[in-house]
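J.: Below is a structure I'd like to ask you about.
The values are calculated or read from the model by the stated rules, or taken from the named source; none is laboratory data. Quick caveat: nothing in here was measured; it's all calculated off a predicted structure. Here Cβ is always computed from backbone atoms with ideal geometry, including for glycine, and neighbour counts include all displayed protein chains. Protein only, heavy atoms only, side chains kept; ligands, DNA and RNA dropped before computing areas. Shrake-Rupley method; radii C 1.70, N 1.55, O 1.52, S 1.80 Å.
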Amino acid sequence: MGYRIAIVGATGNVGHEMLNILAEREFPVDEIVALASRRSLGTEVSFGDRTLKTRDLETFDFSGWDMALFAIGSDATKKYAPKAAAAGCVVIDNSSLYRYDPDVPLIVPEVNPKDVHGYAKKNIIANPNCSTAQMVVALKPLHDRAKIKRVVVSTYQSVSGSGKAGIDELWNQTKGMYVPGQEVEPSAYPKQIAFNVIPHIDVFLDDGSTKEEWKMVAETKKIVDPSIKVTATCVRVPVFVGHAEAVNIEFEDFLDDDEARDILREAPGIMVIDKREDGGYVTPVECVGDFATFISRIRQDSTIDNGLNLWCVSDNLRKGAALNAVQIAELLGREVLKKG
């Protein structure tokens, strides 16, 4: 006996990936439905070797469905997620709407799986921000060994994090650089993204940080440990898929790079590729389509007593979004619902 699963926002990038990953991981599905807005009604999407026609989210009845994986914006989630939850369907939400709600668990299954039991307060589980998800997978096993005091992270985030509009803008601007008369002015971003980097993701806050940076701080504290100090600089780069992060970690106890490497090799969800030679590290184009979070460039930081640097790369549409949501569904099924 399997689960009845609804994919909400099935026609978007993350919705497509959710369907792909559910099929790839052979999630025990009894019945699956693809939901979208009325303007996408009847659009066909793939689920393994099957083709699904999208149904209307507006009129859908979630009664009798086990889980709904939401991949729509916060405004639409605010309208439909409570309806699904009230009907007894557990919502796994990819938007930012519920991440900071104390009654909604924020889950990365490799990091805080026990928190999943808190879902019953609202029948909702939140999926973290893409840049946070991959980072905390790397932080948790190191924190368990040497207790992290402070993290300084700079991100290199791909345009797919902005959805189709970001991907299209990079593609069209890049072509336009070579074809006179076909230049494309910035629209999805405040400045040109082709052959450029933009130190601005989401809106600016009063203290000068951006909301993306604030998310990394707040979510790391909620998922791993509220005592960890985090400072972030989030940057959009001209890469289609795959987020990279340069992470500097200060520990309470000494941890050398060899032991850190061994710990990370044994940690769930991580692949260590760290050779001190040309090409002995992972870049975004190499992580696309993979489930793992890749760690490279592990080395001591000699400027502080107990410091390490590392390079962290992951497919943001997978671990940063769809994969983590599916892993939450697997965890919920294994620990709570126990049907599959």
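J.: Output the qualifying pairs, or none if there are none: Cβ atoms under 6 angstrom, residues six or more apart or on different chains, first residue in segment 121-138 and touching a residue at least 24 places away in the same chain (Cβ under 8 Å) and of a type in the set (S, T, N, Q), second residue part of a helix (DSSP H, G or I) and open to solvent by 10 Å² or more (accessible area, probe 1.4 Å).
T.: N123/A85; N129/K215
J.: Something else: Going by what's in this entry, would G279 be described as of a type in the set (G, A, S), open to solvent by 20 Å² or more (accessible area, probe 1.4 Å) and in contact with a helix residue (DSSP H, G or I) (Cβ under 7 Å, 6 or more places away or on another chain)?
T.: In short, no.
J.: Ok, one more. Of the residues that make up segment 246-258, is at least one at pLDDT 95 or above, within 21 Å of V137 (Cβ to Cβ) and assigned to a helix (DSSP H, G or I)?
T.: Yes; the residues of segment 246-258 include at least one that is at pLDDT 95 or above, within 21 Å of V137 (Cβ to Cβ) and assigned to a helix (DSSP H, G or I).
J.: Just checking, does segment 97-120 include any residue being among the polar types (S, T, N, Q), closer than 19 Å to F27 by Cα, in contact with a helix residue (DSSP H, G or I) (Cβ under 8 Å, 6 or more places away or on another chain) and in contact (Cβ under 8 Å) with a residue 12 or more places away in the chain?
T.: Looking through segment 97-120, none of the residues is among the polar types (S, T, N, Q), closer than 19 Å to F27 by Cα, in contact with a helix residue (DSSP H, G or I) (Cβ under 8 Å, 6 or more places away or on another chain) and in contact (Cβ under 8 Å) with a residue 12 or more places away in the chain.
J.: Using the structure shown, decide if K122 is of a type in the set (K, R), closer than 30 Å to V239 by Cα and either out of contact with any His (no Cβ under 8 Å at 6 or more places or on another chain) or modelled with pLDDT of 95 or more (or both). Talk me through it step by step, then tell me what you get.
T.: Details: of a type in the set (K, R): yes; closer than 30 Å to V239 by Cα: no; either out of contact with any His (no Cβ under 8 Å at 6 or more places or on another chain) or modelled with pLDDT of 95 or more (or both): yes.
Judged against the criteria, K122 is not a match.
J.: Follow-up question, since we're still on this one. Any residue in segment 62-84 that is hydroxyl-bearing (S, T, Y) sitting within a Cβ distance under 7 Å of a residue that is open to solvent by 40 Å² or more (accessible area, probe 1.4 Å) and assigned to a loop (DSSP other than H, G, I, E, B)? List the pairs, counting only those 6 or more apart or interchain.
T.: S63/G88; S74/L97; T77/L97
J.: Output the residues belonging to segment 161-198 that are farther than 24 Å from H16 by Cα, polar (S, T, N, Q) and open to solvent by less than 60 Å² (accessible area, probe 1.4 Å).
T.: Scanning segment 161-198 gives Q173, T174, N196.
J.: Out of the residues in segment 289-305 that are buried (at least 17 other Cβ atoms within 10 Å of the Cβ) and aliphatic (A, V, I, L, M), which is farthest from G242 (Cα to Cα)?
T.: I298
J.: A further question on this structure: So which residues in segment 171-199 are free of Cβ contacts under 8 Å to residues at least 24 places away in the same chain and touching an Asp or Glu at 6+ places or on another chain (Cβ under 9 Å)?
T.: Correct list: Q173, G176, M177, V184, P186, S187, Q192.
J.: When only residues in segment 210-239 that are in a loop (DSSP other than H, G, I, E, B) and under 30 Å from P113 (Cα atoms) count, which is most open to solvent (accessible area, probe 1.4 Å)?
T.: P226
J.: Quick check on my filter: what residues within segment 253-292 are touching a strand residue (DSSP E or B) at 6+ places or on another chain (Cβ under 9 Å), under 23 Å from Q327 (Cα atoms) and charged (D, E, K, R)?
T.: Once the filter is applied, which keeps residues that are touching a strand residue (DSSP E or B) at 6+ places or on another chain (Cβ under 9 Å), under 23 Å from Q327 (Cα atoms) and charged (D, E, K, R), segment 253-292 yields R265, E286, D290.
J.: Hey, another quick one. Could you list, in sequence order, the residues of segment 30-56 that are assigned to a strand (DSSP E or B) and open to solvent by 30 Å² or more (accessible area, probe 1.4 Å)?
T.: D30, E31, E44, S46, R50, T51, K53, R55
Every residue, every condition in (1) on the phi > 0 side of the Ramachandran plot; (2) part of a loop (DSSP other than H, G, I, E, B); (3) among the polar types (S, T, N, Q), yes or no:
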{"position": "R261", "(1), (2), (3)": "no, no, no"}
{"position": "D278", "(1), (2), (3)": "no, yes, no"}
{"position": "V313", "(1), (2), (3)": "no, no, no"}
{"position": "N324", "(1), (2), (3)": "no, no, yes"}
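J.: Residue under question is A133, and the condition is that it be open to solvent by less than 10 Å² (accessible area, probe 1.4 Å), of a type in the set (G, A, S) and in contact with a Lys or Arg (Cβ under 7 Å, 6 or more places away or on another chain); does it hold? Walk me through how you get there before you give the answer.
T.: Working: open to solvent by less than 10 Å² (accessible area, probe 1.4 Å): yes; of a type in the set (G, A, S): yes; in contact with a Lys or Arg (Cβ under 7 Å, 6 or more places away or on another chain): yes.
So A133 fits the description; yes.
J.: Also: Looking at D168, D202, which one is assigned to a helix (DSSP H, G or I), free of Cβ contacts under 8 Å to residues at least 60 places away in the same chain, within 22 Å of the chain's Cα centre (by Cα) and within 29 Å of F70 (Cβ to Cβ)?
T.: D168
J.: Let me ask something additional. Looking only at segment 17-29, filter to residues that are in contact (Cβ under 8 Å) with a residue 60 or more places away in the chain and open to solvent by 30 Å² or more (accessible area, probe 1.4 Å); which one of those is farthest from G166 (Cα to Cα)? Show your work before the answer.
T.: First, the residues of segment 17-29 that are in contact (Cβ under 8 Å) with a residue 60 or more places away in the chain: 17-18, 20-22, 25, 27-28.
From what's left, open to solvent by 30 Å² or more (accessible area, probe 1.4 Å): 17, 20, 25, 28.
Numbers: E17: 17, N20: 22, R25: 28, P28: 34 Å.
Here the residue is P28.
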